[in-house]
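The values are calculated or read from the model by the stated rules, or taken from the named source; none is laboratory data. What you see is a predicted model; the values in this text were computed from it and never measured. Note that we place each Cβ from the backbone using ideal geometry, even for glycine, and neighbour counts take in every protein chain shown.
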Amino acid sequence: MEQAYRESQGTRSKRIRFALLTTIMMVMLVLQACGNNAGGNGASASGGSNTEKSGGEATSNVPAVLNFGFIGSNKLNMPGGAEGWGFYKGIIQEELKKHGITEVKLTGFPNGPDQTESLISGRLDIGSLGDTPAIIAYASGAKTRLISQSSANTIGYLIGKKDGSKTVKDLQGKTIAIQKGSFMHRYVVGLLQEEDVTDYKLVHMLIPDATAALARGDVDATTNLGVPALKLIDQGYTHLDDASKHPNLLGTSATVVSEEYLAKFPDFPKVWNEAREKALADLKQHEDEYYQFLAEIGDTTPELAKQVNPISDIKDTAFTDEGTKLLEGTKNFLVEEKLAKKDFNIGDWQLK
């Protein structure tokens, strides 16, 4: 009898231990499932966010801040074009937020070479600039990729001093102020070649310094763009030439992204171009407001802004045959003039 009692108690103890073990295992499984669900909300341990593939698999961490560079300086700290309008109206910021980018820092630069230095050093993630400095930088080894050309009709002007040279040929033996490594550098050298002007001196000056030097008569001519160029002409300076008369010397814009940033956000080119196209579509619905915006950042009138930067010049796709052809011509010219260190295939640089 005593033996039967002990056997009964042993069996009961085993059942209790088995029940406890089963309960503990179930609790652990529930906790693990909760943990997995909490980890799938898109936030990363480092404070960034994750983009996801269609199947829900997390990809690279996207930095919360995007550093964007552009050419120019104005009180709104904004570029023009679809990009500027998109930032001004908040359209691009809203699109980028969907992918974890919560802040866009805009920085204006006096010229393209200065901007490319910031891209190379990592202070910028993306930049919009002229094609010439972008090509020169890439040919020198800059780790960038070209993701769009938002315009392909940049017109450079060659302006002579008052009571000075009347034609481009008159610049034989004269001094011309240019922005070294910029689109206007490429335009002037190409123009002088076409006009068979072989004896001249180029000096590097930023536009404000070049304008002052022209007024003093320290240089015989200088390059300029858009509204500032037209203002100089209105003030009596000589309009020697402009790129509208030389379709092969027109400039294009270049939007480039560092490879370091692309490694963190591989889908960025697609996201960026879709956001830009959305901004352009909105811009076309508010043309008068857009030209008023351009007038404010360019310190001019809406009428003059429309004359210099018509909406029709803005491309609605990342790349066009026209833009790529101009890009190829500029690259070949820079290589031939040894302004670009090496030749390369434009298709290897473009990221479509």
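Annotation note: Cβ proximity below 6 Å between a residue of segment 187-198 that is farther than 16 Å from G251 by Cβ and a residue that is of a type outside the set (A, V, I, L, M, F, W, C) (sequence gap 6+ or interchain) occurs for E195/K169; V197/Q172. Considering every residue within segment 83-98, establish whether at least one is more than 18 Å from L280 (Cβ to Cβ), of a type in the set (D, E, K, R) and modelled with pLDDT under 95. No: zero hits. In segment 118-138, the count of residues that are without any contact (Cβ under 8 Å) to a residue 24 or more places away in the chain and of a type in the set (S, T, N, Q) is one or more. Keeping to segment 153-177, report how many residues are of a type outside the set (S, T, N, Q) and assigned to a loop (DSSP other than H, G, I, E, B). So the answer is 7. In segment 153-183, what residues are buried (at least 22 other Cβ atoms within 10 Å of the Cβ) and hydrophobic (A, V, I, L, M, F, W, C)? Listed by number, the residues that qualify are L158, I159, L171, I176, A177, I178, F183. Going through (1) buried (at least 23 other Cβ atoms within 10 Å of the Cβ); (2) closer than 23 Å to L327 by Cα; (3) in contact with a strand residue (DSSP E or B) (Cβ under 6 Å, 6 or more places away or on another chain) one by one, T222 falls short only on (2). For segment 178-198, the set of residues classified as more than 16 Å from A229 (Cβ to Cβ) and either assigned to a helix (DSSP H, G or I) or among the β-branched types (V, I, T) (or both) consists of R186, V189, G190, L192, Q193, E194, V197, T198, listed by residue number. Of the numbered criteria (1) over 19 Å from the mean Cα position of the chain (by Cα); (2) surrounded by 14 or more Cβ atoms within 10 Å (Cβ to Cβ), the one E287 fails is (2). When the helices (runs of 4 or more DSSP H) confined to segment 240-352 are screened for residues that are under 17 Å from G84 (Cα atoms), those reaching at least 2 such residues are found at 268-284, 287-298, 302-308. If the condition is being of a type outside the set (A, V, I, L, M) and at pLDDT 95 or above, then segment 100-115 contributes G100, T102, E103, K105, T107, G108, F109, Q115. Among the residues of segment 110-126, some residue qualifies, meaning at least one is basic (K, R) and more than 30 Å from Y237 (Cβ to Cβ). Being at pLDDT 95 or above, of a type in the set (S, T, N, Q) and in contact with a helix residue (DSSP H, G or I) (Cβ under 8 Å, 6 or more places away or on another chain) is a description that applies to T324. The residue that is surrounded by the fewest Cβ atoms within 10 Å (Cβ to Cβ), counting only those in segment 124-146 that are more than 14 Å from F183 (Cβ to Cβ) and hydroxyl-bearing (S, T, Y), is S140.
Among the residues making up segment 76-100, those that are touching a Ser or Thr at 6+ places or on another chain (Cβ under 9 Å) and more than 15 Å from I314 (Cβ to Cβ) are N77, Q93, L96, H99, G100. Please find, within segment 246-279, the residue that is surrounded by the fewest Cβ atoms within 10 Å (Cβ to Cβ) out of those that are touching a helix residue (DSSP H, G or I) at 6+ places or on another chain (Cβ under 9 Å) and of a type in the set (D, E, K, R). The residue in question is E274. Of all residue pairs spaced 6 or more apart or on separate chains, those with beta-carbon atoms under 7 Å, a first member in segment 328-352 that is over 15 Å from K180 (Cβ atoms) and a second member that is of a type outside the set (S, T, Y) and loosely packed, with under 13 Cβ neighbours inside 10 Å are G329/N248; V335/D343. Give me the pairs, please: first residue somewhere in segment 310-325 and crowded, with 17+ Cβ neighbours inside 10 Å, second residue anywhere and in a helix (DSSP H, G or I), beta-carbon distance under 6 Å, and either six or more positions apart or on two chains. Filtered contacts from segment 310-325: I314/G81; I314/A82; A318/N273.
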